[in-house]
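Student: First, the structure itself, so that you have it in front of you.
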Amino acid sequence: MTRQTGILADGAIRALFAAGRLKSEAALDIDQVQPASLDLRLGSKAYRVRASFMPGPGHLVADKLARLKLHEIDLADGAVLETGCVYIVPLMESLDLPAEMSASANPKSSTGRLDIFTRVMTDRAQEFDKIPAGYNGPLYLEISPRTFPIVVRRGSRLSQIRFRIGHALLNDADLLSLHDDETLVASEAPNVSNGGIAVSIDLEGTGPDGLIGYRGKHHTAVIDVDVKAAHDVLDFWEPLYSRGRAELILDPDEFYILVSREAVHVPPLYAAEMTPYDTLVGEFRVHYAGFFDPGFGHADAGGAGAKAVLEVRSHEVPFILEHAQIVGRLVYEHMLDRPQGLYGTGLGSNYQAQGLKLSKHFRLP
């Protein structure tokens, strides 16, 4: 029986295009629709602004841009976006959502792993990355590279959007029942509270050298977001090793790539998301890119043993992370129906069956 509330799967997302509820300046890329989300594409212009802003009730983003933009950048042939700067880019996609349908956005996994801060805005918005039910209008992306300067162009995909009808979050009892049936995280005694299942950090390391993660370097070359395997790891990252202590001191405003201790599983009829920064677990933020599609870590989709790669930043003060410390929670939602394709090797997904893994832009050592 088809559910009445839940996340739209790939077939329903394509149907939104066919019905004119989801529009674009160009035909869809062949791999643009994911099992439970749609990649959003940059338009032809970027606008450098002095500071981030919220449109607010009664205000159009375009009107604020006309007042706040410092200069306009043509993205047709590619352009460099510098660290420490804020840019607003109109997206190729726009929406005319039905009254019962809302949406939310998040950076793509590769975007988060490059420490590119992105947020989707709508006209009259009072929240970033939240698209209210029935919204009709354009979409804009705020971009602020934090660690590495980047090259982007028209059609580059930095963010993704999910569509939902109604409320479909699993509560604690539902999560525990699903975990008993499907093993959501590889833990004998899962920590479930506030509608989320805990994920902890692995600081014991992998391989003979005890690699536990990477710290981003400063003053590097640019990274082209559309080119895979183009850069040497050591030109951009400092590898971190356990050295037998099973702890890591996070320095303020440094960027780290770490990995979960537990394998993570998202069954085909569910979608998951890493919850945002929570002050109850420490003075740091974990996981910019929070969407986990149906099939992530699913054995039949080639994902057995997949870990959650965590993008971590400490704020204000140094903070000591210890092995097995809880660093975030996964929340799960029902899908409206089963996706036609699951996250995994069949779709060419970059991070299925991953352990500690940098973004697709770096060559394997």
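The values are calculated or read from the model by the stated rules, or taken from the named source; none is laboratory data. Everything quoted here is computed from the prediction, not taken from an experiment. Cβ: placed from backbone, ideal geometry, glycine included. Neighbour counts: every protein chain shown. To get the accessible areas, we keep the full protein, side chains included, count just its heavy atoms, and leave off ligands, DNA and RNA. Shrake-Rupley method; radii C 1.70, N 1.55, O 1.52, S 1.80 Å.
Student: Residues to consider are I223, I201; find the one that is open to solvent by less than 30 Å² (accessible area, probe 1.4 Å) and modelled with pLDDT of 95 or more. Quick ask: steps written out before the conclusion?
Tutor: Numbers: I201 fails: modelled with pLDDT of 95 or more.
Sole residue among the options that is open to solvent by less than 30 Å² (accessible area, probe 1.4 Å) and modelled with pLDDT of 95 or more: I223.
Student: Hey, among V199, V185, which residue is within 30 Å of T147 (Cα to Cα) and of a type in the set (A, V, I, L, M)?
Tutor: V199
Student: If you check I150, I116, I131, which single one turns out to be crowded, with 19+ Cβ neighbours inside 10 Å, touching a Ser or Thr at 6+ places or on another chain (Cβ under 6 Å) and β-branched (V, I, T)?
Tutor: Within the list I150, I116, I131, the selection yields I131.
Student: State all residues of region 322-349 that are modelled with pLDDT under 90 and aliphatic (A, V, I, L, M); if no residue qualifies, say none.
Tutor: Hits for region 322-349 are I326, V327, L342, L347.
Student: Also, I was wondering about something else. Please go through region 97-111 and pick out each residue that is open to solvent by less than 40 Å² (accessible area, probe 1.4 Å) and not basic (K, R).
Tutor: L97, P98, M101, S102, A103, S104, A105, N106, P107, S109, S110, T111
Student: Also, I was wondering about something else. For S24, only one of the following conditions fails: (1) in contact with a Ser or Thr (Cβ under 8 Å, 6 or more places away or on another chain); (2) open to solvent by less than 30 Å² (accessible area, probe 1.4 Å); (3) of a type in the set (S, T, Y). What is its number?
Tutor: That leaves (2) as the condition not met.
Student: Out of all the residues in region 303-330, which are open to solvent by less than 40 Å² (accessible area, probe 1.4 Å) and either assigned to a strand (DSSP E or B) or not assigned by the TED database to the domain that holds E182 (or both)?
Tutor: Listed by number, the residues that qualify are A308, V309, L310, E311, V312, R313, S314, L321, V327, G328, L330.
Student: For region 204-219: of the residues being within 23 Å of the chain's Cα centre (by Cα) and not aliphatic (A, V, I, L, M), which is most open to solvent (accessible area, probe 1.4 Å)? Spell out the reasoning first.
Tutor: Quick first cut of region 204-219, residues within 23 Å of the chain's Cα centre (by Cα) only: 212-218.
Still in the running and not aliphatic (A, V, I, L, M): 213-218.
Numbers: G213: 0, Y214: 30, R215: 46, G216: 6, K217: 76, H218: 102 Å².
Here the answer is H218.
Student: With respect to S44, is the statement that it is closer than 17 Å to V225 by Cβ, out of contact with any strand residue (DSSP E or B) (no Cβ under 6 Å at 6 or more places or on another chain) and surrounded by 16 or more Cβ atoms within 10 Å (Cβ to Cβ) true? Lay out the reasoning, then the answer.
Tutor: Details: closer than 17 Å to V225 by Cβ: yes; out of contact with any strand residue (DSSP E or B) (no Cβ under 6 Å at 6 or more places or on another chain): yes; surrounded by 16 or more Cβ atoms within 10 Å (Cβ to Cβ): no.
Judged against the criteria, S44 is not a match.
Student: How many residues are open to solvent by less than 80 Å² (accessible area, probe 1.4 Å), modelled with pLDDT of 95 or more and within 15 Å of S144 (Cα to Cα) when one looks only at region 64-85?
Tutor: 6
Student: All but one of (1) in a strand (DSSP E or B); (2) of a type in the set (A, V, I, L, M); (3) open to solvent by 60 Å² or more (accessible area, probe 1.4 Å) hold for I88; which doesn't?
Tutor: All conditions pass for I88, except number (3).
Student: Counting only residues that are at pLDDT below 95 and among the charged types (D, E, K, R), which one in region 1-28 is farthest from G155 (Cα to Cα)?
Tutor: Among those that are at pLDDT below 95 and among the charged types (D, E, K, R), it is R3.
Student: Further question: Scan region 226-262 for residues that are open to solvent by 30 Å² or more (accessible area, probe 1.4 Å), under 29 Å from E188 (Cα atoms) and under 22 Å from the mean Cα position of the chain (by Cα) and jot them down.
Tutor: Within region 226-262, just R261 meets the criteria.
Student: Also, I was wondering about something else. Within region 145-164, is there a residue that is of a type in the set (S, T, Y), in contact (Cβ under 8 Å) with a residue 60 or more places away in the chain and in contact with a Cys (Cβ under 9 Å, 6 or more places away or on another chain)?
Tutor: No - not one qualifying residue is present in region 145-164.
Student: Ok, one more. Go through region 47-63 and give me each residue that's free of Cβ contacts under 8 Å to residues at least 40 places away in the same chain and open to solvent by less than 10 Å² (accessible area, probe 1.4 Å).
Tutor: Matches in region 47-63: V49 only.
Student: Out of the residues in region 1-21 that are open to solvent by 10 Å² or more (accessible area, probe 1.4 Å) and in a loop (DSSP other than H, G, I, E, B), which is nearest to A125 (Cα to Cα)?
Tutor: R21
Student: Next up: Can you name every residue in region 144-168 that is β-branched (V, I, T) and within 24 Å of A272 (Cα to Cα)?
Tutor: Narrowing region 144-168 to residues β-branched (V, I, T): 147, 150-152, 161, 165.
Within region 144-168, I161, I165 meet the criteria.
Student: What number of residues within region 156-169 satisfy the criterion of being of a type outside the set (F, W, Y) and either surrounded by 22 or more Cβ atoms within 10 Å (Cβ to Cβ) or under 18 Å from the mean Cα position of the chain (by Cα) (or both)? It would help to see each step written out before you state the result.
Tutor: Quick first cut of region 156-169, residues of a type outside the set (F, W, Y) only: 156-162, 164-169.
In the following step, the residues that additionally are either surrounded by 22 or more Cβ atoms within 10 Å (Cβ to Cβ) or under 18 Å from the mean Cα position of the chain (by Cα) (or both) were identified as 156-162, 164.
Number satisfying all stated conditions: 8.
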